[in-house]
Amino acid sequence: MALFGGSASSSLINLLIGFFVLRFLSAEEYGRYAVVVDFVNMVAIITGSLFTNALQRYVAFYRMARDSQDTYLRGIVKLAFGYGGTISLLVAAILFLGADVISKRLLGNVAYSPYLRLYSLSVPFMVLSTYLSAYLKGIGKFLRVGILDQGMPSLVRAAVVLVGLPNFPGYGPVIVTLSLVAKFVSNFVFNLLAAFASLRAVLVGKSRWRLKEWILYSLPIWGRYALSITASNVKSVLVGSLQSAMAGGQFKVAFLILSPVYMLETSLVNVLYTTVSGRVAKGENVISEIKERTFQLSITEALLGSLLLLIGPPILGFFGKGYEGASSLLLLVLLGYLINSTSSLHRVFFMADGDSSKVFIVHGVGAFSSIIFGYFLIKAMGSVGGAWAFLAETTSSSFLTHILFWRKTGHFPLGKRALVLLLLFWASALFLLVRGV
């Protein structure tokens with residue numbers, strides 16, 4: 001519950017910061033910052049996060065077997081932090097020194113270069129913070145993680161934005177980028193202070209290694225995470241590189257307007273994961289509950305999303321400065337979220353049942369769809385193509401999830417009411433496609 005509360009408060013703070021930022025930045029300025037952030041996050045997290053889950057898992061395991069496993073505890077801690085520190089420093093150096101070339105060759109516009117160089121400074125702090133967070137979870141300090149890893153850094157970012165944007169006009173994108181650097185630096189400092197005494201005691205003494213076991217455990221989890229991050233971030237990067245910073249800004253703002261839908265789904269799925277996992281562990285049949293909960297999740301998201309569709313265009317009109325162009329993306333993005341909601345709990349079931357390979361396959365299909373559809377549709381249709389690529393990604397992932405669930409359980413994946421909603425979502429998408437939206 002501490003982690004859930006910290007995550008919820010952090011998400012709310014970041015949402016409010018996002019709307020405050022729109023008041024000071026044009027769509028083009030917002031795109032310069034947002035495209036760079038998504039690109040760097042994708043590169044840094046994918047390359048640096050290999051052992052985060054292994055660190056949490058094995059720290060908890062070896063602490064429970066303390067008498068005989070102290071040396072392995074030191075080994076996994078040294079491996080995780082050594083890997084994360086080395087890779088993150090290397091990535092940061094490449095991004096910083098090669099900012100001009102990367103901006104021109106990969107991001108399609110040298111105007112991204114200053115923000116890429118500035119945000120690259122956050123990479124070591126970003127990566128090492130995730131390892132510190134994993135270590136704190138491994139030793140059972142969930143309350144500290146909820147406060148120090150999620151809540152407090154968001155407040156630091158908010159302070160930089162609230163003070164910087166009104167007092168330094170003309171430097172908006174720099175200040176917003178700097179606020180994220182400050183967030184990750186503070187995240188690192190807070191987590192290090194929380195973990196320092198424990199780490200100092202752990203790192204003293206002889207170490208032993210089980211590299212093969214740790215790597216084999218890490219690779220499938222890291223692979224799913226890498227694919228998920230790629231699917232989430234690559235479309236905005238493609239919009240910003242194949243089209244323009246303004247198009248990238250409009251694309252990101254459409255997702256910002258509808259982010260309460262995503263926050264709702266994430267929160268509910270996280271809560272239900274505990275319930276479903278407990279029932280599966282007891283050998284209980286959860287098929288009926290998954291079908292019913294899927295309908296409840298989808299209809300709730302549809303109602304919230306409909307409200308956001310009504311107030312979204314006036315909000316974008318209020319901010320002006322090129323954001324009005326995001327209005328045409330809202331319905332497509334919402335349909336993507338709604339279609340995804342019909343399969344989220346089925347993936348939870350796979351994880352709870354220990355069948356993570358199916359989730360890996362689904363994430364793989366989603367990432368592949370994002371890249372392929374994203375490249376061709378964005379090149380042809382701009383930011384609207386990015387929204388269609390998101391819809392194609394969630395449709396293909398959800399369809400595959402339903403097929404895998406049906407084959408695994410022998411049960412049709414949806415109840416009648418949820419099936420009607422899914423058909424309605426698909427019909428709406430088909431109508432928009434025929435109309436040429």
Any idea which residue in segment 177-189 is surrounded by the most Cβ atoms within 10 Å (Cβ to Cβ), counting only those that are in contact (Cβ under 8 Å) with a residue 60 or more places away in the chain and either closer than 14 Å to Ser133 by Cα or not assigned by TED's automatic domain parsing to the domain that holds Tyr112 (or both)? Asn187
Condition set touching a residue at least 12 places away in the same chain (Cβ under 8 Å) and surrounded by fewer than 19 Cβ atoms within 10 Å (Cβ to Cβ), scope segment 309-329, selection farthest from Arg347 (Cα to Cα): answer is Lys321
Please work out which residue is surrounded by the fewest Cβ atoms within 10 Å (Cβ to Cβ), limiting yourself to segment 95-147 and to residues that are basic (Lys, Arg) and in a helix (DSSP H, G or I). Arg105
For segment 196-213, which positions are surrounded by 14 or more Cβ atoms within 10 Å (Cβ to Cβ) and under 16 Å from Gly84 (Cα atoms)? Leu199
I'd like the full set of residues that are at pLDDT below 85 and either outside any helix (DSSP H, G or I) or surrounded by fewer than 17 Cβ atoms within 10 Å (Cβ to Cβ) (or both), limited to segment 243-272. Ser267, Asn270, Val271
Go through segment 214-227 and give me each residue that's of a type in the set (Ser, Thr, Tyr) and buried (at least 17 other Cβ atoms within 10 Å of the Cβ). Ser218, Tyr225
Looking at (1) under 22 Å from Leu15 (Cα atoms); (2) surrounded by fewer than 17 Cβ atoms within 10 Å (Cβ to Cβ); (3) in contact (Cβ under 8 Å) with a residue 60 or more places away in the chain, find the lone condition where Leu192 falls short. (1)
With respect to Glu265, determine if the residue is among the charged types (D, E, K, R) and over 23 Å from Leu12 (Cβ atoms). no
Segment 406-432, residues that are without any contact (Cβ under 8 Å) to a residue 60 or more places away in the chain and either under 22 Å from Asp355 (Cβ atoms) or not assigned by TED's automatic domain parsing to the domain that holds Leu297 (or both): Trp406, Arg407, Lys408, Gly410, Phe412
Out of curiosity, is Thr52 modelled with pLDDT of 95 or more and among the β-branched types (Val, Ile, Thr)? no
Condition check: surrounded by fewer than 23 Cβ atoms within 10 Å (Cβ to Cβ), of a type in the set (A, V, I, L, M, F, W, C) and within 22 Å of Leu268 (Cα to Cα). Does Met381 satisfy that? no
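Which one of these is closer than 30 Å to Leu211 by Cβ and of a type in the set (Ser, Thr, Tyr): Tyr72, Tyr119, Tyr112?
Numbers: Tyr119 fails: closer than 30 Å to Leu211 by Cβ; Tyr112 fails: closer than 30 Å to Leu211 by Cβ.
Answer to the check: Tyr72.
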With respect to the numbered conditions (1) part of a loop (DSSP other than H, G, I, E, B); (2) under 23 Å from the mean Cα position of the chain (by Cα); (3) not hydrophobic (A, V, I, L, M, F, W, C), which one is the sole condition not fulfilled by Glu284? (2)
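Looking only at segment 287-327, which residues are of a type in the set (D, E, K, R) and assigned to a helix (DSSP H, G or I)?
Within segment 287-327, Glu289, Lys291, Glu292, Arg293, Glu301, Glu324 qualify.
Would you mind listing the helices (runs of 4 or more DSSP H) fully within segment 335-437 where at least 3 residues are closer than 21 Å to Lys252 by Cα?
Values: elements: 344-352, 356-381, 383-409, 416-435.
It comes to 356-381, 383-409.
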Would you point out which residue out of Trp406, Trp388 is under 15 Å from Val333 (Cβ atoms) and at pLDDT 95 or above? Trp388
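The values are calculated or read from the model by the stated rules, or taken from the named source; none is laboratory data. Note that the coordinates shown come from a computational prediction; the quantities given were computed from them, not determined experimentally. Note that we place each Cβ from the backbone using ideal geometry, even for glycine, and neighbour counts take in every protein chain shown.
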